[in-house]
Amino acid sequence: MRPVTLVRIRGIVQGVGFRPTVWKIAHSLNIAGEVSNDGEGVLVLLASPAKCEHFLQELQAQLPPLARIDAIEISEEESPKQFENFSIVPSRSETARTGVPPDAATCPACLAEIRDPANRRYRYPFTNCTHCGPRLSIIHGIPYDRDQTSMAAFKMCPACQQEYDSSEDRRFHAQPNACPACGPEAWLEERHGQRIETDDPVAEAADRLARGNILAVRGIGGFHLAVDATSQEAVSTLRQRKRRHAKPFALMARDIAVIRRYCDVNEQEAALLASSSAPIVLLQRKA
């Protein structure tokens, strides 16, 4: 039997790159042990009790952007295990008592890939990584692992699997990881389900929006109805069909520059619009 330190961490700690961060810190401090998800949150076992304080300091300093620690509980016990290194071990399925992270807006790194013609994820709408992408909208259960999400049906290709397994990659243990070769695909259908033949469904969808059509955009977490907000006829038709005659609709824009054409935006509002939560922000319309 050997002395070990158990660190129980509660909060928004699943699906946010928490276990990979713990793994990297443990390796940098030369600590053996393991980390896993369970119904309570994240459980860390450190085989070097004397380094626990340093480990926790580094964890607070390197907290993933989408994570939030609500509580840390530390206990000592004896373990029969012989730890030679630090590893991420399979999750434990238990009654869920931990938080589920919300979906996060696509991060700048993923956006750069989507916009790069030389990248294998060029214009791929389901691009994500540890720091962004769907979470709450795809989860079926806790602990948060790929087989507990709507991405379970998509087996990662070798390239995505390599990213998932690499501690140096920002997609290290990113559960929704996907690319055009292995993930969900985009296509276009008429209202009765007949597939529309096109080489570029996104461009075709944009063209139909410009012609006043109403689109139901299906993501891996649900549907969004979309129309051209500058078309009074299209907006009126959507209001009639939704029976939403006065309540405002949310508007989407490419970037802050476009928004500033129509609204006054202060620094706080701009920061909210650019944040990972990407909330709907009420703005003052220009005259």
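Nothing in this text is a laboratory measurement; each read-out follows from the coordinates by a stated rule. The model shown is predicted, which means the values in this text are computed figures rather than measured ones. For neighbour counting, all protein chains shown are included, and Cβ atoms are generated from backbone atoms with ideal geometry for every residue, glycine included.
What the table below lists for this structure:
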read-out	value
Neighbour-count order for H27, H192, H173, H245, fewest beta carbons within 10 angstrom listed first	H192, H245, H27, H173
Helix axis angle, 201-210 relative to the chain longest principal axis, alpha carbon, degrees	40 degrees
Among A234, P108, P65 - extreme Cα towards positive end, dipole of the chain, charges at beta-carbon	A234
Nearest-ten-degree value, helix 232-242 long axis tilted from longest Cα axis of the chain	60 degrees
Among beta bridges that DSSP assigns inside the chain, antiparallel share in %, nearest 5	90 percent
Whole-number D in µm² s⁻¹ for the chain, Kirkwood Cα-pair radius fed into Stokes-Einstein, 25 °C, 0.890 mPa s	113 µm²/s
Ranking of T230, T127 by count of other Cβ atoms within 10 Å, fewest first	T230, T127
The chain, dipole about Cα centre (Lys/Arg Cβ +1, Asp/Glu Cβ -1), debye to the nearest 20	1240 debye
³J(HN,Hα), Karplus 6.51/-1.76/1.60, whole Hz, each residue of the stretch 120-137, x for Gly, Pro	5, 9, 4, 6, 7, x, 9, 5, 7, 8, 4, 9, 7, x, x, 9, 4, 6
Between helix 52-61 and the chain: long-axis angle, C-alpha atoms, 0 to 90°, nearest 10	20 degrees
Using θ = phi - 60° and Karplus 6.51 cos²θ - 1.76 cosθ + 1.60, couplings along the stretch 30-43 (whole Hz; Gly, Pro as x)	6, 9, 8, x, 7, 9, 8, 8, 8, x, 8, x, 10, 10
Relative contact order computed over the stretch 2-88 (Cα-Cα under 8 Å; 6+ residues apart), in percent	51 percent
Signed unit charges on C-beta, dipole axis of the chain, positive-most listed residue V22, A159, A257	A257
